[in-house]
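Structure record follows, encoded as structure tokens.
Values quoted throughout were computed directly from the atomic coordinates according to the rules given, and no laboratory measurement underlies them. Please read these numbers as outputs of a predicted model, since none were measured by experiment. Here Cβ is always computed from backbone atoms with ideal geometry, including for glycine, and neighbour counts include all displayed protein chains.
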Amino acid sequence: MTAATTDLFTFGEEALLDLTATRTSPFFAYDLGVARERYRQLRAALPERVRLAYAVKSNPGLPLLETFSAEGAWFDCASAGEVSTVLAAGGTGSGMVVAGPAKSERDLQAALFAGARIQVDGIEDVARLHTLHTGERPLRVNVRVNPASGVSEGAAIISGGGPSAFGVDEEVVEEFVREATRFDPVQICGLQVFSASNELDAGRLLANHRTTLRIGQRLQELLGRELDLIDLGGGLGVRYAVEQPTLDVRALGAGLGRVLEENPWFTGELLLEPGRWLSAPTGVYCARVVRTKVSRGERFVMLEGGINHLLRPLMTGQSFPTLALRPGVGVLDGGTATTTLAGPLCTSLDRLGHGDLPVDLQPGDVVVFGRAGAYAFTQAMTHFLSHPAPEQVWMG
Ligand SMILES: Cc1ncc(COP(=O)(O)O)c(C=O)c1O
């Protein structure tokens, strides 16, 4: 394996052979040392006035949260469940933001009880918080704004400019501010904008962040109150193939420094809330080959795990990087062919994307999916067809 391949698959060949020899397929394996190193690398690249919150939804595994918490990370939560896992991992409400387009009363109560900064998605959230908040002291919240333009991932998980279930449309912010003033002591003191997903170009992210600051300046003028927190969202991308570029986080950090200088009206803190960039490189998913076949010219490899363990390729049309391993032997690097990866579920939906895999793949060989530390284990349809859940192995 080359260094670039090891980067995609978290572990080197020996460690992968050890894992497949000692664990029951299918399983996820994570390296917490990689998580620590990713956090430190990003933290070191950012100006001090930029806070760093880990987006829990990308991988809410307790050992991972404990690792980030020990590094001093903030957390971005999107449910009462995530709030309680973060608190169990040693996180605190003062280092937590809570978002969601349809927060239940339980979600709001959990966020209030923790003392987290809540991102309101509309005037309804403000009104409900006004009812739930006890006491006279101000309850400082952020408003999520759906910008009129932004960058997006190809498969459009998040996009800017179109209709959205999230936030207040930029066009109606003035009306929102007028209504929100009726709900004192709930006070809009910050902004959240999320407008990119898996972006590998620091320049495009910075262009988005400049738009966010422009929206922030207008919001501050409308409110007549200084914003103390502008949340720039996540969207920092990772490569899923060796030929893709790597996001230049030092350029992103330097650019954010310039963005702060260009906006002297803003004296608060910026917040980045990446999920994938921090967690994707920490883990792999490994599943044994049950059988192979060619059907009408298409080559299939059927694995012990499917969309009950790994759903992202089906949802986005984007495959995880794959390699094939023969237990006790090593990585297979013979001639390859384009292969459709299918799982054990009795539905033609059960596809794990495509890979260039060795033509001599046999039952018992293992397919390793790289970058499976994010949007994998908890994003899958675990209960569909009642197969066992995969084990999660935490190393480092
Ligand atoms: C509000 C919010 N913050 C952060 C993230 C993390 O995004 P990413 O993993 O692309 O960095 C998401 C992802 O959906 C999100 O909705």
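Quick notes on this structure:
- Around PHE300: net Lys/Arg minus Asp/Glu count, Cβ-Cβ under 12 Å: +3
- Around PRO363: net Lys/Arg minus Asp/Glu count, Cβ-Cβ under 13 Å: +1
- Dipole magnitude of the chain about its Cα centre (Cβ charges: Lys, Arg +1; Asp, Glu -1), debye to nearest 20: 400 debye
- Averaging 1/r over every pair of different alpha carbons in segment 244-349 and inverting the result gives a Kirkwood radius of 18.0 Å.
- nm² value of the averaged projected area, convex hull over the Cα atoms of segment 129-251: 9.0 nm²
- Each residue of segment 367-380 was assigned a 3J(HN,Hα) from its phi angle through the Karplus expression (A = 6.51, B = -1.76, C = 1.60, θ = phi - 60°), giving 9, 9, 9, x, 6, 8, x, 10, 6, 9, 3, 8, 8, 7 Hz with x at Gly and Pro.
- Computing FRET efficiency as 1/(1 + (r/R0)^6) for VAL294 and LEU200, where r is the C-beta to C-beta distance and R0 is 25 Å, gives about 0.10.
- Antiparallel DSSP beta bridges within the chain, as percent of all bridges there, nearest 5: 40 percent
- Label positions at GLU179 and ARG23, each projected 7 Å from the Cα along the C-beta direction, are separated by 4.8 nm.
- Among CYS286, CYS77, CYS346, residue whose mean-square fluctuation peaks in a GNM of the chain (springs only between Cα atoms under 10 Å): CYS346
- In the chain, taking the dipole from charged Cβ atoms about the Cα centre, the farthest positive-side position among GLY237, LEU352, VAL249 is held by LEU352.
- Checking every one of the trypsin sites (Lys or Arg not before Pro) in segment 290-396 against DSSP loop status and a limit of 16 other Cβ atoms within 10 Å picks out ARG296.
- Choice from GLY353, GLY12, GLY233 with maximal GNM fluctuation in the chain (Cα, 10 Å cutoff): GLY12
- Measuring nothing but how far apart in sequence close Cα pairs (under 8 Å, 6+ apart) lie, relative to its length, segment 74-131 scores a relative contact order of 35 percent.
- Distance in nm between pseudo-label sites at ALA389 and ALA15 (7 Å out along the Cβ direction from Cα): 2.4 nm
- Three semi-axes of the equivalent ellipsoid, the chain, Cα gyration tensor, whole Å, largest first: 41, 21, 19
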